[in-house]
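Scroll down for the structure; my scribbles are underneath it.
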Amino acid sequence: MKLATFNIYWLGGYAEHDVQRSGEDNQRLAEIIAEVNADVYVFQEIVDADVLREILDMADEKTASTTGRRYTMHDAQNHLLGVGAGAPQNDQQVVIAYDAGRYDLLASSVIKGGVSRPPFAARLRGKNGGGQLLVVGVHFKSGQPQVTDESSSKKRERQCQHLSDWLDGKVAGVNPSLPAPLPGEHVAVLGDFNAVYDSTDANHPFFEGDPLFPKFVASLNPLREGHMAEWLWEKPVPEDANDGQVSNYEENLLIDFIMFSPSLKGHVPPAPTIYAFDRLGPSGRRISDHRPVYAEVNI
């Protein structure tokens, strides 16, 4: 099962966010999705899910003669697989899309009990007795008005703690649809973490001499400590070393990640991969400021 996370900058947003996309821009997004060719996507910053549906339809067409993808982002009751459905206008959503021709959706739910923009989880199983994986999509708090803003870091830390608690079965009472992962279940957490992997980025122009940088890094500590310490979490690497080890290419930051439960040791690559579409064609915020990050799970 190939997984990918892709933050599509304010998809379906408005002019004040400088994202007035043309039909050609949406075609380019469909090409990127088809080129990455993942079985499951976790998208972030989806303002208008109908626009994403149109792009996925175009991606389906582009793969018709090759992998024949058939992406869906709804359950059997036509509920959107995402956080933010029915939210106020111009709100960003996390949306999961998967290839319904190859996988069955067994369960899905927003993970309640935390602060704003909670995780969304979907349990998927390959058709004809294929492997099963619980996919958890996240979009943690960005730093506003500056990347290392202290109040943003505190909120991000609470979001991470909530996710860690849910994975540990501590918020089952408010999540009847998906109380926790099943015992020994394979789990992948992926999305825009909005913070860096570790303190090695201290000399980045954004952070050099910034006294708030340590708290910014520490905001992800709930995903590094306790029962999460055994999880498989590595820095993504670029397909081509010349592309740079960044997932947000406008700010030269690596903030998009994929984590795997310990049960998947030996079943995942040494590190996820960054797809630098900006090297291969039009880029900029009308496409997105983030690059997709993907990894293949052998289950």
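Derivation of every value follows stated rules applied to the coordinates shown; laboratory data play no part. Every value quoted in this text rests on a predicted model; they were computed, and no experiment measured them. For neighbour counting, all protein chains shown are included, and Cβ atoms are generated from backbone atoms with ideal geometry for every residue, glycine included.
Laid out as a table, the results:
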read-out: Fluctuation leader among Ser152, Ser283, Ser65 - the chain, Gaussian network, Cα springs under 10 angstrom; value: Ser65
read-out: Length gained when the stretch Glu234-Asp50 is fully extended (0.36 nm per residue, less Cα-Cα span); value: 62.9 nm
read-out: Net charge of neighbours whose Cβ lies under 12 Å from the Cβ of Arg158, counting Lys and Arg as +1 and Asp and Glu as -1; value: +3
read-out: Kirkwood Rh (inverse of mean 1/r, distinct Cα pairs), region 2-296, angstrom; value: 19.2 Å
read-out: Fully extended contour minus Cα-Cα distance, from Ala172 to Asp210, at 0.36 nm per residue; value: 9.8 nm
read-out: Percentage relative contact order, the chain, counting C-alpha pairs under 8 Å, at least six apart; value: 20 percent
read-out: Stretchable slack from Glu296 to Leu280, in nm (0.36 nm times residue separation minus alpha-carbon distance); value: 3.6 nm
read-out: Overall Cα dimensions of region 108-198 - principal axes, largest extent first, Å; value: 49, 26, 19
read-out: Selected from Pro119, Pro181, Pro272 as most flexible by GNM, with the chain as the system and alpha-carbon contacts under 10 Å; value: Pro181
read-out: Distance in nm between pseudo-label sites at Lys265 and Asp75 (7 Å out along the Cβ direction from Cα); value: 3.3 nm
read-out: Restraint check, Lys2/Lys170; Lys154/Lys235; Lys127/Lys170; Lys154/Lys265; Lys112/Lys265, Cα-Cα greater than 25 Å; value: Lys2/Lys170; Lys127/Lys170; Lys154/Lys265; Lys112/Lys265
read-out: Helical contribution to [θ] at 222 nm, DSSP H n ≥ 4, -39,500 (n - 2.57), averaged over the chain, rounded to 500; value: -5500 deg cm²/dmol
read-out: Under the Karplus curve 6.51 cos²θ - 1.76 cosθ + 1.60, θ = phi - 60°, whole-Hz ³J(HN,Hα) for region 284-297, x wherever Gly or Pro sits; value: x, 5, 5, 8, 5, 8, 9, 9, x, 10, 9, 7, 10, 10
read-out: Rounded to whole Hz, the Karplus (6.51, -1.76, 1.60) HN-Hα couplings of region 259-269, x for glycine and proline; value: 10, 10, 5, x, 4, 9, 4, x, 10, 10, x
